[in-house]
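One structure is given below, encoded as structure tokens.
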Amino acid sequence: MRPLVLAGGRVIDPSRDYDAVADVLIRDGVIEGIESRLTPPDGADVVDVAGKVVAPGLVDVHVHLREPGREDAETVATGARAATAGGFTTVCAMPNTDPVTDNQAAVGFIVKQAEAAAAARVYPIGAISVGQRGEQLAEFGEMVAAGAIAVSDDGHPVVSSHLMRTALEYARSFNIPVAEHCEDPSLARNGVMHAGVVATRLGLSGIPAAAEDVMVARNILLAQLTGGHMHLCHISTRGSVDLVRWGKQRGVNVTAEATPHHFALTHDACENYDTNAKMNPPLREAADVEAVREGLRDGTLDVIATDHAPHHYEAKEREFDDAPFGVIGLETSLGLGMKELVGRGLLTLPELIDRMSTRPARIFHLPGGSLRRGAPADVVVFDPTATWRVEPERFRSRSRNTPFAGWDLVGRVDRTLVGGRTAFAA
Amino acid sequence: MTVPSLGKDLLGLEHLTPDQLRLILDTSEPFKEVSERAIKKVPALRGKTIVNLFFEASTRTRISFEFAEKRLSADTVNVAAQGSAVQKGENLVDTARNLEAMRIDMVVIRHPSSGAAKFLAERIRSNVVNGGDGMHEHPTQALLDMLTIRDHYEKIEGLKVCICGDIAHSRVARSNIWGLTKLGAQVAVCGPQSLIPGSIEELGVVVFRRIEEAIEWADVLNILRLQLERMTGGYIPSLREYYRVFGVTLERLERVQRDLLILHPGPMNRGVEIDSRVADGPHSVILDQVTNGVAVRMAVLYLLAGGRPELAEAAKGETEREGRGT
């Protein structure tokens, strides 16, 4: 592979607080140097990226790639390609596949499919419990040896406090986070959207904010008890943001994520029974959106993660009660962050890159998230001023279930490099 | 002034204007008389085909719609979800499209999922009438409640109407709240707090915790059926206690010495939400509601089919003319 110079872009590397116009030299799959003006080596490809942002590739610690089991909705390969189209060089695949990714062979299968796809890097997350049934711990050690980087029963909250306690303790042996979908099922019951005035008007069963808050509180207390790394998925309520802030102030080993849909939309999006606005946790109220944005701003919420949840068109084309939860997000996340967070002055551009790349890589102990010399050349180049319209039929993802169809977003991905290789070019 | 119309569908009362509500109620008046005749039939919808698509068990609503359709001379087919293609996994859209391929004109749908009527209406060309969707709306029930109230008080504006019981799970409650508030009534709800959504006040209603307070306040009590599964669902401890604390009893009514109207959408649980002596007593207009239900549904079907309100009187007269011709 010939050396590559990305010339004249605004290079942003939150891992070193670097933000300057510079040239980036990539050779043999790694970052070789960043200088204000460097002389391209003989035979190098030089790409003019003036006016563009050059940043470490985006990292998403929470996606669903549906393989094995629902390849009609997404595969590891289509998901990994959707990722690079959205500027992501690394994604972490949740284990609620069919069969469940709860053993070393299943983890190895994801790794193998990801290698074959040769798009974004895909790291499997193993299940906490066998079959995600919440009874018996899965074999963390063997799954980690096979390539898992975290454990989670995402989609099936760990109801037993004892099991969560032991998972946090046992995970310490392998230095991996335990990621949890915080929801008390007995409070969420058969709810299909946020319990608020919109649900009351539409006559839909509500999921109260407290269903999330009580589990967030429990999980923070269990992290405190065990010293394990508790990672709280998709925080959606102001109460949960307050609880995470409280936990961090007390020094508990807790990290948390927010999704683009939870910082961009309220439960008003469910109006007209739009099943593309049905997800779990549900879209909440304006005050919750404000709290999530503030949490991202002050660092209470560490990272942005998409909870990319592909569903086949037929599955969403039905009554709201019966449609599955979840929306896709890989190809709209950067644009939403630019529009809703940077555009509103809540985050600076380097801070957005930090929440979408550097921090997720750091808290999940993943390569990437940095442009330091010698780091793998996982890089995104995007135009921070270009606006583009969300047209789901153009997605690389196999699914189209987005609530953002027709939105005009800011920040268009031009090129995504994974290990120095161009995995996506607009 | 343009004459208001209903548009293609009747999905709920939330998005209707006061003029549209009055249009339906006013158009119901001439149709009331049809049911009092020896020959209960007018030709207004002759040649129209209507499917009653019921995905949920219903006796009175289905029969009431069917009478309304038949008295307007429409051809009707009843489809019950039990035993139909729906049970074989066919989805709602395909069921509807198949019906439409048989060139029907209207669908009356009853469905356990909120939003199902709207979902259907957006996907087929036929007129859709919501016969009750999940916990969302039951517009014709609220319209017949309003007609019954108007019959008695000769107005709706300014009246105090309290809806009693399981508000959280009730489509009847929601449609009543929209319809009555739009026509200027004051609306309250009363029931155990575990069956009243926290955000209900944002819909413009007052909440009473005690049934005694509601009775003291109201001109009209609309008493909802308490579904027996609310007890097993953990919302209330027992039907016995419900009756003692929230039941509308003769003793409670007798404490107020003034005109008070008792409505119930049925079917009643006598001795749970309502005392038999109240249900069958002088305040009760429960059977008038049933009678009015047919007239209201005739009006809705007539208007959706493009019937002009000013011709409703003439439309019902056609029977005799046509009768003479044959």
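What follows draws every value from the coordinates through simple rules; no lab data is involved. Computed from a predicted structure; not experimentally measured. Because the Cβ atoms are built from the backbone with ideal geometry, glycine has one as well, and the counts that use them run over all protein chains shown.
Once whole DSSP H runs in chain B are found, which of them have Cα atoms spread over 20 Å or more along the helix axis and a mean Kyte-Doolittle score of at least 1.0?
Those that pass (Cα extent of 20 Å or more, hydropathy at least 1.0) are B:286-304.
Based on other C-beta atoms within 10 Å, arrange A:VAL144, A:VAL216, A:VAL46 from fewest to most.
A:VAL46, A:VAL144, A:VAL216
Is the stretch A:180-310 rounded, prolate or oblate when judged by the Cα gyration tensor, a ≥ b ≥ c being the square roots of its eigenvalues, rounded requiring a/c under 1.5 and prolate requiring a/b larger than b/c? Could the numbers behind the result be given before it?
Values: a/c = 2.11, a/b = 1.66, b/c = 1.27.
It is prolate, given that a/c is not under 1.5 and a/b is the larger ratio.
Taking chain B as a Gaussian network, where each spring joins two C-alpha atoms under 10 Å apart, which residue of B:THR76, B:THR291, B:THR95 fluctuates the most?
Most flexible of the set in this elastic network: B:THR95.
Between A:ALA146, A:HIS229, A:CYS92, whose Cα lies farthest towards the positive end of the dipole of the stretch A:57-363 when Lys and Arg beta carbons carry +1 and Asp and Glu beta carbons carry -1, centred on the Cα centre?
Value: A:HIS229.
Along the Cα-to-Cβ line of A:ALA50, 7 Å from the Cα, sits a label point; which residues in the stretch A:329-365 have backbone N less than 19 Å from it?
Backbone N within reach: none found.
So, R0 is 45 Å and r is the distance between the beta-carbons of A:SER173 and B:THR59; what FRET efficiency does that work out to, to 0.05? Present the calculation step by step, with values, prior to reporting the outcome.
Values: r = 63 Å, r/R0 = 1.40.
After rounding to 0.05, the efficiency reads 0.10.
Please give the length that would be gained between B:SER35 and B:VAL245 if that part of the chain were fully extended, namely 0.36 nm times their separation in residues minus their C-alpha to C-alpha distance (nm, one decimal).
71.6 nm
How many percent of DSSP beta bridges within chain B run antiparallel, rounded to 5?
Antiparallel bridges: around 5 percent, rounded to the nearest 5.
Positive end of the dipole of chain B, charges at C-beta (+1 Lys, Arg; -1 Asp, Glu), about the Cα centre: which of B:PRO197, B:MET106, B:GLN257 has its Cα farthest in that direction?
B:MET106
Nearest 20 debye, what's the magnitude of the dipole of the stretch A:153-238 about its Cα centre given +1 on Lys and Arg Cβ and -1 on Asp and Glu Cβ?
160 debye
Counting Lys and Arg as +1 and Asp and Glu as -1, each charge on the Cβ, what is the dipole of the stretch B:139-288 about the Cα centre in debye, to the nearest 20?
Around 260 debye, computed over the stretch B:139-288.
Just going by the charge dipole of chain B, with Lys and Arg at +1 and Asp and Glu at -1 on Cβ, which of B:LEU25, B:LEU10, B:ILE177 is farthest out on the positive end?
B:LEU10
What relative contact order, as a whole-number percentage, does chain A give when Cα pairs under 8 Å and 6 or more residues apart are counted? Display every interim value, and only then the final one.
On the way: 1109 pairs, mean separation 83.7, N = 426.
Reported relative contact order: 20 percent.
What lysines could a cross-link reach from B:LYS155, if we take a straight Cα to Cα line under 23 Å and drop same-chain neighbours fewer than 8 places away?
Output for B:LYS155: B:LYS32, B:LYS182.
What does the charge dipole of the stretch A:1-124 about its Cα centre add up to, to the nearest 20 debye, if the Cβ of each Lys and Arg holds +1 and the Cβ of each Asp and Glu holds -1?
The calculation lands at about 80 debye.
Using the Cβ atoms and a cut-off under 14 Å, what net charge is assigned to the surroundings of A:ARG412, where Lys and Arg are +1 and Asp and Glu are -1?
0
Taking square-rooted eigenvalues a ≥ b ≥ c of the alpha carbon gyration tensor, is the stretch A:57-363 rounded, prolate or oblate, where a/c under 1.5 means rounded and, failing that, a/b exceeding b/c means prolate? All intermediate terms of the calculation are to be shown ahead of the outcome.
On the way: a/c = 1.23, a/b = 1.14, b/c = 1.07.
Rounded is the answer for the stretch A:57-363, as its axis ratio a/c remains below 1.5.
What is the extension gain from A:VAL159 to A:GLU271, computed as 0.36 nm multiplied by their sequence separation minus the C-alpha to C-alpha distance, in nm to one decimal?
Result for the pair: 37.2 nm of gain on full extension.
Among A:CYS182, A:CYS270, A:CYS233, determine the one that fluctuates most according to a GNM of chain A built with springs between C-alpha atoms less than 10 Å apart.
Maximum fluctuation in the GNM of chain A, among the listed residues, is at A:CYS270.
Only Cα pairs under 8 Å and at least 6 apart count here; give the relative contact order of chain B as a rounded whole percent. Show your work: numbers first, answer last.
Working: 603 pairs, mean separation 70.0, N = 326.
That works out to 21 percent.
With springs connecting C-alpha atoms under 10 Å apart, model chain A as a Gaussian network and identify which of A:ALA118, A:ALA377, A:ALA277 has the largest mean-square fluctuation.
A:ALA118
Provide the percentage of antiparallel DSSP beta bridges, counting only those with both residues in the protein assembly as shown; round to the nearest 5. Mind dumping the intermediate values first?
Values: 32 of 96 bridges.
Bridges in the protein assembly as shown that DSSP calls antiparallel: roughly 35 percent.
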